[in-house]
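Q: Once you've had a glance at the structure underneath, I'll fire off some questions.
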Amino acid sequence: MNSFVYSRANDAAGAVNALGAKPRTKFLGGGTNLIDLMKMGVETPGQLVDINRLPLAQIEEVAGGGLRIGALARNSDVAEHALIKQRYPVLSQALLAGASPQLRNMATMGGNLMQRTRCYYFYDPAFPQCNKRNPGSGCGALKGYNRIHAILGQSEQCIATNPSDMNVALAALDAVVRVQGPLGEREIRFADFHRLPGSTPNIDTNLKENELITAIDLPAIPFATRSHYLKLRDRASYAFAIVSVAAALEMGADRKITAVRIALGGVAHKPWRAQKAEQQLVGQLADEKAFRAAAEAELAAAKGYAHNEFKIELAKRSIVRALNTVAGMTS
């Protein structure tokens with residue numbers, strides 16, 4: 001491991017100042033992803049700023065009926081929080097589907113937002129071709145072993161996927177990320193937080209280099225009580241999603257859909273909001289025929305590779321299964 005400077009921040013302003021004072025500075029929360037990457041030689045920060053003393057672990061109600069989750073709230077605490085389980089069960093389920101209990105006890109909400117891809121070619125510097133790790137070097141996954149890789153929104157520069165379960169649920173819930181920088185606070189719509197690879201796959205998010213994530217806001221969505229997170233993976237015990245779906249549904253007495261939210265994981269460089277499927281479903285009867293037609297529309301532009309072509313059909317079936325589950329809920 002490369003040598004680095006370690007310091008602790010006592011307030012958000014101090015953390016932001018420390019970030020801009022020394023090149024290659026990273027914030028340290030739970031460290032469950034960053035420390036792994038440092039051990040592998042993928043991340044080589046010159047300074048770690050420990051932010052665990054900051055008062056950012058709260059989970060509280062905000063005006064309008066939404067919730068604000070502090071960036072340092074631990075994944076396990078959020079997953080088990082009574083208001084999260086009651087109002088946003090899809091988020092609780094997504095968090096519990098991620099990692100192991102030990103990791104969830106350490107991992108923070110802000111850190112989970114920044115979780116980096118598990119692409120084999122990115123994670124191991126022994127592979128020279130990785131535009132995300134070494135811009136301009138190529139994408140080893142394009143013609144390599146690409147079973148876990150993207151089928152939507154990818155580019156010739158990168159076909160890596162976002163690995164976070166939590167992010168999929170937050171995409172479906174239209175969350176807002178609150179950040180603080182040298183010029184003050186700002187909000188980032190969740191849809192705008194993560195990026196597709198394009199020609200700059202080394203840039204994962206639209207967070208500025210000198211900004212600290214302080215909280216995640218969840219808007220009031222009454223029908224989110226009827227929501228579900230479906231995760232398909234190789235091992236039920238502990239594995240990243242091959243495909244996942246976060247779904248929420250509102251229906252009238254005639255079972256016609258009045259509102260719907262769908263997001264996919266394991267299929268793109270960012271959590272994939274299934275907007276085409278959502279638009280097609282509003283006004284339709286909540287049945288398998290409508291669900292399948294919407295899934296077909298959403299995956300029409302999908303592109304598979306040598307080892308992951310199966311994910312296209314798997315994603316379609318996963319959308320149908322998740323929506324069937326939600327439609328069958330009594331409340």
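The values are calculated or read from the model by the stated rules, or taken from the named source; none is laboratory data. For clarity, every value in this text was computed on a predicted model and none was experimentally measured. All Cβ positions, even for glycine, are placed from backbone atoms using ideal geometry, and neighbour counts span all protein chains on display. Ligands, DNA and RNA are stripped out before the accessible areas are found, and what is left, the full protein with its side chains, is counted by its heavy atoms. Shrake-Rupley method; radii C 1.70, N 1.55, O 1.52, S 1.80 Å.
Q: Label point 7 Å out from residue 53 along Cα-to-Cβ: which residues of segment 203-243 have amide N under 19 Å?
A: What the label zone holds, given the 19 Å backbone N cut-off, is 212-214.
Q: Oh, and also: Pop a pseudo-label 7 angstrom from the Cα along the beta-carbon direction at both residue 134 and residue 185 and give the gap in nm to one decimal.
A: 4.3 nm
Q: Just tell me which aspartates and glutamates come within less than 16 Å, Cα to Cα, of residue 311; anything on the same chain fewer than 8 places away is out.
A: In chain and number order, the partners are 234, 296, 298.
Q: In Å, the Kirkwood hydrodynamic radius of the chain over pairs of distinct alpha carbons?
A: Result for the chain, one decimal place: 20.3 Å.
Q: Taking the Cβ of residue 285 as the centre, find all other residues whose Cβ is under 12 Å away and add up their charges (Lys, Arg: +1; Asp, Glu: -1).
A: 0
Q: For segment 236-331, go through all pairs of different Cα atoms, get the mean of 1/r, take its inverse, and jot down that Kirkwood value in Å.
A: Mean inverse Cα-Cα distance, inverted, gives 13.7 Å.
Q: A further question follows. I want to check the label-to-label distance for residue 36 and residue 317. Put each point 7 Å from Cα in the C-beta direction and report it in nm to one decimal.
A: About 2.7 nm, to one decimal.
Q: While we're looking at this one, here's another question. Per residue, what accessible area does segment 31-76 have, given a 1.4 Å probe and all protein chains present, in Å²?
A: Averaged over the residues of segment 31-76, the accessible area is 39 Å².
Q: I would also like to ask the following. Looking at segment 1-152, I'd like the Rg to Rh ratio, where Rg is from alpha-carbon atoms and Rh is Kirkwood's inverse mean 1/r.
A: Over the Cα atoms of segment 1-152, Rg/Rh equals 1.02.
Q: May I ask you to evaluate 6.51 cos²θ - 1.76 cosθ + 1.60, the Karplus curve with θ = phi - 60°, for each residue of segment 187-197 and list the ³J(HN,Hα) values in order in whole Hz, giving x for glycine and proline?
A: Here the 3J(HN,Hα) series is 10, 10, 4, 4, 4, 9, 6, 8, 10, 7, x Hz.
Q: How much net charge surrounds residue 244 when only other residues with a Cβ under 12 Å from its Cβ are counted (Lys, Arg +1; Asp, Glu -1)?
A: Computed value for this residue: +3.
Q: If you count, for each residue, the other Cβ atoms within 10 Å and average over each peptide, how do 297-305, 216-224 line up from highest to lowest?
A: Highest mean packing first, the order is 216-224, 297-305.
Q: So, one more: What is the distance, in nm, between label points placed 7 Å from the Cα along the Cα-to-Cβ direction at residue 83 and at residue 24?
A: 4.2 nm
Q: Please list 3, 318 in order of solvent-accessible area, largest first, computed with a 1.4 Å probe with all protein chains present.
A: In descending accessible area the options line up as 3, 318.
Q: Counting each DSSP H run of 4 or more residues in the chain as -39500 (n - 2.57), what helix-only mean residue ellipticity at 222 nm follows after dividing by all residues, to the nearest 500 deg cm²/dmol?
A: Counting only the DSSP helices, I get -8000 deg cm²/dmol.
Q: Also, I was wondering about something else. Please calculate how many Å² of accessible area segment 181-284 carries per residue, with a 1.4 Å probe and no DNA, RNA or ligand atoms counted.
A: For segment 181-284, the per-residue accessible area is 45 Å².
Q: By how many degrees, 0 to 90 and rounded to 10, does the Cα axis of helix 288-298 deviate from the longest principal axis of the chain?
A: For 288-298 against the chain, the angle is about 40 degrees.
Q: From the protein chains alone at 1.4 Å, what is the descending order of accessible area for 276, 39, largest first?
A: 39, 276
Q: At 1.4 Å probe size, with the rest of the protein present, what percent of the exposed accessible area of segment 186-331 is carbon and sulfur atoms?
A: 50 percent
Q: Turning to a different aspect of this structure: Considering the dipole of segment 179-331 built from charges on the beta carbon (Lys and Arg +1, Asp and Glu -1) around the Cα centre, which of 258, 199, 232 is farthest to its positive end?
A: Selected residue: 232.
Q: Find how many whole Å separate the alpha carbon centroid of segment 46-68 from the alpha carbon centroid of segment 241-267.
A: 28 Å
Q: List, in order, the whole-Hz ³J(HN,Hα) value for each residue of segment 257-270 obtained from phi through the Karplus relation with A = 6.51, B = -1.76, C = 1.60 and θ = phi - 60°; use x for Gly and Pro.
A: So the Karplus estimates, Gly and Pro as x, are 7, 9, 7, 8, 10, 9, 9, 10, x, x, 10, 8, 5, 9 Hz.
Q: Using +1 at the Cβ of each Lys and Arg and -1 at the Cβ of each Asp and Glu in the chain, identify which of 9, 25, 66 lies farthest towards the dipole's positive end.
A: Result: 25, furthest along the dipole toward the positive end.
Q: I'd like the distance separating the alpha-carbon centroids of segment 96-122 and segment 288-331, in whole Å.
A: 25 Å
Q: Once the other residues with Cβ under 13 Å from the Cβ of residue 101 are scored (Lys, Arg +1; Asp, Glu -1), what is the net sum?
A: Net of charged neighbours comes to 0.
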